[in-house]
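I have placed the structure first, in the form of structure tokens, so that the comments after it can refer back to it.
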Amino acid sequence: MSAFPTFPRSGRVWWVVSVLAVAAALVACGEPPGGASPVPSGPTEVSVMTLQPQRAALTTALPGRVSAVVSAEVRPQITGVVKQRVFVEGSHVKAGELLYQIDSASYRAAVANAEAALAKAEASRDSARLRAQRQRELVQVQAVSRQDAEDAEASWQQAEADVASARAALQTQRINLDYTRITAPVSGRVGRSSVTPGALVTANQATALATIQQLDPIFVDVTQTSADMLALKRSLAAGDLKQGATKVALQLEDGSAYPEAGRLEFSESQVDTTTGSVTLRVRVPNPRGDLLPGMYVRAVIEQGVLEQALLVPQRAVARDASGQAMVSVLGDDGKLNPRPVTLGREMGDQWLLTGGLKAGDRIAVEGQQKAAPGAVVKARPVDATVAQR
């Protein structure tokens, strides 16, 4: 049986048209067919936080290079052939520890020759002294002339000078003999050797035999522009900032954080004329030897502290077509309106606010994109962790 009533062809068409007209009328009246209820509309829900002043440390990340606290180049002070290298390359040596042994045969002979010369000079001095004493006695009884007595006294003094000269020559030869033992001038880690046993070395040669460096603690030299340094000093003098701590955090070349905190020691007393920057020196503990001279690092230095800083989450800041920073502010009437603000430096996941808002203003952190400017919104407090994401 047909689902439609039995009508003539023209009546059947009239009946379908009537049903469609009724359905259209019901939709126009807000009553959709099938009994479905319309979706209710209401204010957009927005997460809101209240700006509160807080203490904020102003940090600056500066590039730096690692350098050794002490670096000593080992060079020979005499000429000779290296007989032995005692140390192990890359090991830690102590000050005074033997590093190289130079052939000392010729220097021992020179010491023996100087000792003989000293003995001869001492013998001549003793003879001159006895002669001068006899001449002094004889001149009293006029057995010799006063001229002879004075000549004897002068010969004695000359002999004394010869003894002093011979003693100094012996001391020099003994020093040269000691120089055949090349020892570590400082304690630290010794690098590779530039010579091997059998090599001829010369006194004060240009090429160092080895280099010893003290690596714990170690220095990091960072640079700051003179303009930034002057701005910081003005802020400190005006009272806008308080002096920050002297501790410094380091970031390694791979972006990881160095576990030991450094300490700012001093800043250079002059500006580099080629770069317009000032060098700051940081002393850093290096117990595991992770920092090596020449390594590039970034030093995060706390330069000052703001006691009443206003920080805005980055998620709450938008930009208009001209690039102006905007923050949506919730008024007392419950309406959300954008407001231009002035931003300072970036501090983690927040911006330092320097103008446009004040403490106590309520700003939207989430959901403000769904609300039209000037629209009434439903505010809910934002979780602190959500605000700082």
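Of Thr211, Thr223, which residue is part of a strand (DSSP E or B), out of contact with any Lys or Arg (no Cβ under 7 Å at 6 or more places or on another chain), crowded, with 16+ Cβ neighbours inside 10 Å and modelled with pLDDT of 90 or more?
One residue alone meets the criteria, Thr211.
Being more than 35 Å from the chain's Cα centre (by Cα) and acidic (Asp, Glu): is that true of Glu115 here? Here the answer is yes, as Glu115 does meet what is asked. One residue alone among Val93, Val69 is β-branched (Val, Ile, Thr), under 45 Å from the mean Cα position of the chain (by Cα) and surrounded by fewer than 19 Cβ atoms within 10 Å (Cβ to Cβ), and that residue is Val69.
On the stretch given as region 156-184, residues that are surrounded by 18 or more Cβ atoms within 10 Å (Cβ to Cβ) and either more than 60 Å from the chain's Cα centre (by Cα) or outside the structural domain of Thr79 (by TED's automatic domain parsing) (or both) total 2. Scanning region 83-95 for residues being farther than 17 Å from Gly188 by Cα and either in contact with an Asp or Glu (Cβ under 8 Å, 6 or more places away or on another chain) or modelled with pLDDT under 90 (or both) gives a total of 1. Screening region 141-175 for residues that are part of a helix (DSSP H, G or I) and either touching a Ser or Thr at 6+ places or on another chain (Cβ under 7 Å) or among the β-branched types (Val, Ile, Thr) (or both) and picking the one that is farthest from Leu130 (Cα to Cα) gives Ile175. Determine whether region 109-119 contains at least one residue that is assigned by TED's automatic domain parsing to the domain that holds Ala206, at pLDDT 90 or above and within 30 Å of Arg192 (Cβ to Cβ). No; the residues of region 109-119 include none that is assigned by TED's automatic domain parsing to the domain that holds Ala206, at pLDDT 90 or above and within 30 Å of Arg192 (Cβ to Cβ). Scanning region 345-359 for residues that are not acidic (Asp, Glu) and not in a strand (DSSP E or B) yields a total of 5. Pairing each residue of region 368-386 that is closer than 18 Å to Gln314 by Cα with any residue that is at pLDDT 80 or above and aliphatic (A, V, I, L, M), provided the two are 6+ apart or on different chains, yields C-beta distances under 6 Å for Gln368/Val46; Val382/Met49; Val382/Val365. When we screen Asp240, Asp162 for residues that are in contact with a helix residue (DSSP H, G or I) (Cβ under 8 Å, 6 or more places away or on another chain) and either of a type outside the set (S, T, N, Q) or modelled with pLDDT of 90 or more (or both), the only hit is Asp162.
Taking the criterion of being in contact with a strand residue (DSSP E or B) (Cβ under 7 Å, 6 or more places away or on another chain) and surrounded by fewer than 19 Cβ atoms within 10 Å (Cβ to Cβ), the residues of region 363-378 that qualify are Lys370, Pro373, Gly374, Ala375, Val376, Lys378. The numbered conditions (1) in contact with a strand residue (DSSP E or B) (Cβ under 9 Å, 6 or more places away or on another chain); (2) more than 21 Å from Asp349 (Cα to Cα); (3) in the same structural domain as Gly344 (by TED's automatic domain parsing) are all true for Leu264 except (3). Among the residues that make up region 293-302, is at least one of them loosely packed, with under 12 Cβ neighbours inside 10 Å, assigned to a loop (DSSP other than H, G, I, E, B) and assigned by TED's automatic domain parsing to the domain that holds Val220? The answer is yes, given that some residue of region 293-302 is loosely packed, with under 12 Cβ neighbours inside 10 Å, assigned to a loop (DSSP other than H, G, I, E, B) and assigned by TED's automatic domain parsing to the domain that holds Val220. Scanning region 254-274 for residues that are touching a residue at least 12 places away in the same chain (Cβ under 8 Å) and farther than 15 Å from Asp221 by Cα gives Tyr258, Glu260.
The values are calculated or read from the model by the stated rules, or taken from the named source; none is laboratory data. Everything numeric here is computed off the predicted structure, so don't read it as measured data. In this analysis, Cβ positions are derived from the backbone assuming ideal geometry, glycine residues included, and neighbour counts consider all displayed protein chains.
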